[in-house]
There are 2 protein chains.
Amino acid sequence: MRVTKQVTKGSLSGVFNAKSIAIVGASPRPGKPGNQIVRNAKAMDFDGLIYPVNPTQSTIEGLKCYKNILDIPGRLDLVVLIVGADECVRIAQDIARRWDEKGDVAGIVVVSAGFGEGGSADGLAKEKAMLEPLQARGIRVIGPNCLGIADQHSGVNTIFDLPPYLKSEVSVVSQSGAFAASFLMWAKDLELFGLSKFLTVGNMADVDMDEVVEFFGEDKNTKVIAMYLEGIRQGRRFVEVAKKVSQTKPIVAFKSGRTDFGSGAVRSHTGAVAGNDKIYDGAFRQAGIIRTVAVAEFYYTICALGKQPLPRGKRICVLTAIGGPGTICIDALLATGVVEMASLSDHAKNHLKETLARTAVVDEPQGYVDMTASVTEELHEEVIKTILADEGVDGLIYLITPPAFFSNEKLVEHFLNAYNSFPKEKRKPLLSVFTFGSHVAELRRLFERGGIPTLEFPDVAASVMANMVWYSEWRKSRLNYGL
Amino acid sequence: MRVTKQVTKGSLSGVFNAKSIAIVGASPRPGKPGNQIVRNAKAMDFDGLIYPVNPTQSTIEGLKCYKNILDIPGRLDLVVLIVGADECVRIAQDIARRWDEKGDVAGIVVVSAGFGEGGSADGLAKEKAMLEPLQARGIRVIGPNCLGIADQHSGVNTIFDLPPYLKSEVSVVSQSGAFAASFLMWAKDLELFGLSKFLTVGNMADVDMDEVVEFFGEDKNTKVIAMYLEGIRQGRRFVEVAKKVSQTKPIVAFKSGRTDFGSGAVRSHTGAVAGNDKIYDGAFRQAGIIRTVAVAEFYYTICALGKQPLPRGKRICVLTAIGGPGTICIDALLATGVVEMASLSDHAKNHLKETLARTAVVDEPQGYVDMTASVTEELHEEVIKTILADEGVDGLIYLITPPAFFSNEKLVEHFLNAYNSFPKEKRKPLLSVFTFGSHVAELRRLFERGGIPTLEFPDVAASVMANMVWYSEWRKSRLNYGL
């Protein structure tokens, strides 16, 4: 085959669905990233082939090792580079040669740094030199200066920091590998989050944010998109793509480089230009992107959208057994300006009063129910059923400091009895707040496995619910005006 | 003795330093609050006497049980009530009688609810009836509708939710028992926080916030005060007290009931009046109270002040090995308007450049150092020493996603070598951010035990540091103007 025969870009699908992966710079030494990549790739539920490449080894992690990617037999879909920048430039030539001979290699992941991110002429020149032969052949380049990709459905994983992960339908794209990996590790022990596809773009020398968002928008295993970004090159195209994707899938974003100093850090980090923050803010709103401002809010909004439906309206009920955190939650809900308190029907109010202890507070203030410390595990079932069934309620935040005398299993059972008594299409978003945080890890895991997001801060739960309401309203307004 | 002999209020010291505690409503049934109180009181390092009171039992948790508080021999300092409201009113009479006969009982803790908090005439009447005979004798009443008190130094503990806790010099006063207990349980597993005194005021029928703050201000085991409040009765006096205490001890506050709806919840919760939020905001600033707006910010500001000195200036250095979170931290620092980025000396900059890898980013933007992923445990020592020693640095935030190949012990060793190489009076505040959260629990515990606060969100670390800077500047301005 000749270069001239194909110059259209390959699809990212070829990368995420690779059936054979070469890891150039694979290492036999435990702890080294080049070893960790091989281990993580092997540990996945992946039915393809993994080829470590290292001229000095015969096997790595029990896999036959190759001296050069040109030696790898059969079809090769994906190449991971974790060697010096100069070496990357040389190997790009090898890949091009292989492509000319065999027509394989859909894409490469360049973990290595030392390219355009520092802004040096030398680094930029290397980036260009590496890219040229590959782009001329439509071979996709992810990075350089990135963690790479993972796909919990296809089993592809090139990330040294990320062992196999809980599977779901939320995909993550990030301009910071460390930040995205932080989210995944942060969420792991409490099982707060399940992952579909993961891609860190690094310097975006070839694959850019807008292409990834577009790809996730069409991906059947992606229902929610989480995005960390520092700066965007083709702003207009990005907004167009995001606006289209947002019609059907929520995009949750965290944008850094908000301040002048922050922009400086962005430049030295990925070489991106952070740009004017107000312009981003406006563009995000217009495109239906949920812009989060705090890290905890970002994390928990992603987790919530991964498990819960969107609210159909903006009337939220706060149910608690603990006055203080309940109050904090109401304050934070109303401070968003997006949410209204639920307007419980007389029927629901009366039924709650009959069900709960005399000291309980029902609908004072409006939409607020404090069951007080006298509540039992059993009582939860009827109370939650009543609230979720009520016409005046579009969503529910439940807060508790689980008393020592509660049984985790009993509480979860009664809670899920109530929640699951509604058919899928009648479900309303429900967030739970366990104010003891990781101290009640097992209880939280039980709720998470039952599909109920668990948080620890009442004000963050309020922001998350407000984000869900805002996005739902945005989507409705687009439909109403036929946009 | 006769009532007329003493009508001055007793000091809270008599309560916190009680040597004998009666628990009225003690229960033999595990899991019941009345049982849990006895267990927790016993589990403390307390060299006094504990008397369960319950007319139907002969012993509870191995302790001799009394039918009535009048039967308890010897001196009785503190009485805890966890019985119905009517019963509390009756027992208050017994306590008054006992006081008239023996002159003991410094104070009581009323855990029971059903008093003024609901705003009902009946409840208010009961509160008044319970209070009258006690206040006439100077016997102090904590609550009703509260969790009570704990003191890690004297070993007094009346809180059913709080087993013995790590000891330190931070005292907590709260209008919500659940919220305060949540903080303690949230912080427990990672050892983020140590406690000195703890008091939940409940309905504040007798002991009010301002008295507690004043008492903590004079307490030798209290160096930092944390406060959750919903509403204050004697605003002017509160501000005066706080302003005085703030000269020497930081007060960190979270005030809820910010919105109209939130105020409604406050009313039904403790019967307090939340008041105009802007007025509180101004009063807090004037009084040098650190007002936090997010729960995570509140929690971590308390933790940080408990372990770290105040900054002497406002120039903060951000040191990271991870570009994304570093950028988020800078953004959040500068958004506070309180902090400036550090201005590293040429000497420090040159030395950092020599010490770190060529790809490292030193002072771009100003005050920001990205060691990049190539950093080792050993390198931390020289880098942290250099930064902390520099004249242009008043405080340091360190952020990392700990690589799998790092040794926890080695990292802590080198980190603490650097930190401890400065004499106490030369130390500067240092916050660490481990973006993996509770996934690196053991590493965080090692740092915490070494005196370094560990956080998980880069933006929260920025707010915490800004709070420390704001308070330090407030204190300096008071000194400068001789206020």
When (1) within 14 Å of chain A (Cβ to nearest Cβ); (2) closer than 22 Å to A:F434 by Cα; (3) surrounded by fewer than 24 Cβ atoms within 10 Å (Cβ to Cβ) are applied to B:K126, the one that fails is (2)
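For the structure I just gave you, tell me whether B:T372 is more than 10 Å from chain A (Cβ to nearest Cβ) and either in contact with a strand residue (DSSP E or B) (Cβ under 6 Å, 6 or more places away or on another chain) or within 28 Å of B:L443 (Cα to Cα) (or both). First the steps, then the outcome.
On the way: more than 10 Å from chain A (Cβ to nearest Cβ): no; either in contact with a strand residue (DSSP E or B) (Cβ under 6 Å, 6 or more places away or on another chain) or within 28 Å of B:L443 (Cα to Cα) (or both): yes.
Judged against the criteria, B:T372 is not a match.
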Within segment B:356-363, can one find any residue that is within 27 Å of A:E456 (Cα to Cα) and within 12 Å of chain A (Cβ to nearest Cβ)? no
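For every residue, the table says whether it meets (1) outside any strand (DSSP E or B); (2) of a type in the set (D, E, K, R).
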{"residue": "A:V38", "(1), (2)": "yes, no"}
{"residue": "A:Q57", "(1), (2)": "yes, no"}
{"residue": "A:V79", "(1), (2)": "no, no"}
{"residue": "A:V83", "(1), (2)": "yes, no"}
{"residue": "A:R90", "(1), (2)": "yes, yes"}
Are any residues in segment B:181-195 facing chain A (nearest Cβ under 8 Å), within 22 Å of A:D370 (Cβ to Cβ) and among the aliphatic types (A, V, I, L, M), and if so, which ones? B:A181, B:M185
Select from segment B:441-455 the residues that are within 13 Å of chain A (Cβ to nearest Cβ) and surrounded by fewer than 24 Cβ atoms within 10 Å (Cβ to Cβ) and write down the one among them that is nearest to B:V318 (Cα to Cα). B:L443
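Only one residue in B:A332, B:A373 is assigned to a helix (DSSP H, G or I), touching a residue at least 40 places away in the same chain (Cβ under 8 Å) and either touching a Ser or Thr at 6+ places or on another chain (Cβ under 8 Å) or not hydroxyl-bearing (S, T, Y) (or both). Which one? Working first, answer last.
Numbers: B:A373 fails: assigned to a helix (DSSP H, G or I).
Exactly one of B:A332, B:A373 is assigned to a helix (DSSP H, G or I), touching a residue at least 40 places away in the same chain (Cβ under 8 Å) and either touching a Ser or Thr at 6+ places or on another chain (Cβ under 8 Å) or not hydroxyl-bearing (S, T, Y) (or both), namely B:A332.
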Test each condition in (1) surrounded by fewer than 22 Cβ atoms within 10 Å (Cβ to Cβ); (2) acidic (D, E); (3) more than 13 Å from every other protein chain (Cβ to nearest Cβ); (4) touching a residue at least 12 places away in the same chain (Cβ under 8 Å) for A:D390 and report the one that comes out false. (1)
Can you tell me which residue is surrounded by the fewest Cβ atoms within 10 Å (Cβ to Cβ) among those in segment A:336-355 that are without any contact (Cβ under 8 Å) to a residue 40 or more places away in the chain and either farther than 15 Å from A:I387 by Cβ or within 9 Å of another protein chain (Cβ to nearest Cβ) (or both)? A:G337
Inside segment B:51-62, can you point out the residues that are surrounded by fewer than 21 Cβ atoms within 10 Å (Cβ to Cβ) and either touching a residue at least 60 places away in the same chain (Cβ under 8 Å) or in contact with a Leu (Cβ under 9 Å, 6 or more places away or on another chain) (or both)? none
Of all residues making up segment B:27-50, the number that are of a type in the set (V, I, T) and surrounded by fewer than 17 Cβ atoms within 10 Å (Cβ to Cβ): 0
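Pull up segment A:318-327, narrow it to residues that are more than 27 Å from the chain's Cα centre (by Cα) and in contact (Cβ under 8 Å) with a residue 60 or more places away in the chain, then point me to the one that is farthest from the other protein chains (Cβ to nearest Cβ).
Start the filter on segment A:318-327 by keeping residues that are more than 27 Å from the chain's Cα centre (by Cα), which leaves A:319-327.
In the following step, the residues that additionally are in contact (Cβ under 8 Å) with a residue 60 or more places away in the chain were identified as A:319-322, A:325-326.
Numbers: A:L319: 12, A:T320: 9, A:A321: 8, A:I322: 4, A:P325: 6, A:G326: 6 Å.
Restricting to residues being more than 27 Å from the chain's Cα centre (by Cα) and in contact (Cβ under 8 Å) with a residue 60 or more places away in the chain, the top hit is A:L319.
For B:I290, indicate whether it is away from chain A (no Cβ under 12 Å) and either surrounded by 21 or more Cβ atoms within 10 Å (Cβ to Cβ) or touching a His at 6+ places or on another chain (Cβ under 6 Å) (or both).
Details: away from chain A (no Cβ under 12 Å): yes; either surrounded by 21 or more Cβ atoms within 10 Å (Cβ to Cβ) or touching a His at 6+ places or on another chain (Cβ under 6 Å) (or both): yes.
Here the answer is yes, as B:I290 does meet what is asked.
Look at A:E391 and say whether it is at pLDDT 95 or above and outside any helix (DSSP H, G or I).
Working: at pLDDT 95 or above: yes; outside any helix (DSSP H, G or I): yes.
Yes.
Counting only residues that are closer than 30 Å to B:E117 by Cβ and polar (S, T, N, Q), which one in segment A:306-332 is surrounded by the fewest Cβ atoms within 10 Å (Cβ to Cβ)? Spell out how you get there, then give the answer.
To start, the set of residues in segment A:306-332 that are closer than 30 Å to B:E117 by Cβ comprises A:315-332.
Narrowing the set further to residues that are polar (S, T, N, Q) leaves A:320, A:327.
Details: A:T320: 30, A:T327: 35.
Among those residues, the one meeting the criterion is A:T320.
Identify the residue in segment B:404-440 that is assigned to a loop (DSSP other than H, G, I, E, B), free of Cβ contacts under 8 Å to residues at least 60 places away in the same chain and within 14 Å of chain A (Cβ to nearest Cβ) and, among all such residues, is nearest to B:K188 (Cα to Cα). Give the derivation first.
Kept after step one, since they are assigned to a loop (DSSP other than H, G, I, E, B), are these residues of segment B:404-440: B:404-407, B:421-423, B:427-429, B:435-436.
Next cut, free of Cβ contacts under 8 Å to residues at least 60 places away in the same chain only: B:404-407, B:421-423, B:436.
Restricting the remaining residues to those that are within 14 Å of chain A (Cβ to nearest Cβ) gives B:404-407, B:436.
Working: B:A404: 25, B:F405: 27, B:F406: 25, B:S407: 24, B:F436: 18 Å.
Among residues in segment B:404-440 that are assigned to a loop (DSSP other than H, G, I, E, B), free of Cβ contacts under 8 Å to residues at least 60 places away in the same chain and within 14 Å of chain A (Cβ to nearest Cβ), the one nearest to B:K188 (Cα to Cα) is B:F436.
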If we scan segment B:79-98, do we find a residue that is surrounded by 15 or more Cβ atoms within 10 Å (Cβ to Cβ), touching a residue at least 40 places away in the same chain (Cβ under 8 Å), of a type in the set (D, E, K, R) and over 24 Å from A:V375 (Cβ atoms)? no
Residue in segment B:191-205 that is farthest from B:Y300 (Cα to Cα), counting only those that are at pLDDT below 95 and not aliphatic (A, V, I, L, M): B:N203
Take the conditions modelled with pLDDT of 95 or more, in contact with a strand residue (DSSP E or B) (Cβ under 6 Å, 6 or more places away or on another chain) and either in a loop (DSSP other than H, G, I, E, B) or within 14 Å of another protein chain (Cβ to nearest Cβ) (or both) and apply them to B:I50. Does it pass? no
So, in segment A:185-195, how many residues would count as being in contact with a strand residue (DSSP E or B) (Cβ under 7 Å, 6 or more places away or on another chain) and surrounded by fewer than 22 Cβ atoms within 10 Å (Cβ to Cβ)? 1
Lone unmet requirement of (1) surrounded by fewer than 17 Cβ atoms within 10 Å (Cβ to Cβ); (2) closer than 25 Å to B:V295 by Cα for A:P402: (1)
Looking at (1) at negative phi; (2) in contact (Cβ under 8 Å) with a residue 40 or more places away in the chain, can you tell me which one A:A125 breaks? (2)
Do we have B:I302 as touching a strand residue (DSSP E or B) at 6+ places or on another chain (Cβ under 8 Å) and outside any strand (DSSP E or B) here? yes
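Helices (runs of 4 or more DSSP H) wholly in segment A:196-270 with at least 3 residues that are buried (at least 24 other Cβ atoms within 10 Å of the Cβ) and within 14 Å of another protein chain (Cβ to nearest Cβ) - which ones?
Details: elements: A:209-218, A:235-246, A:260-270.
Fully inside segment A:196-270 and qualifying: A:260-270.
Could you list all residues from segment B:144-177 that are closer than 22 Å to B:A106 by Cβ and either at pLDDT below 95 or within 12 Å of chain A (Cβ to nearest Cβ) (or both)?
Step one: list which residues in segment B:144-177 are closer than 22 Å to B:A106 by Cβ, which gives B:144-160, B:162, B:171-174, B:177.
B:N145, B:C146, B:L147, B:G148, B:I159, B:F160, B:L162, B:S174, B:G177, listed by residue number.
The values are calculated or read from the model by the stated rules, or taken from the named source; none is laboratory data. Model, not experiment: these values are computed from the prediction. In this analysis, Cβ positions are derived from the backbone assuming ideal geometry, glycine residues included, and neighbour counts consider all displayed protein chains.
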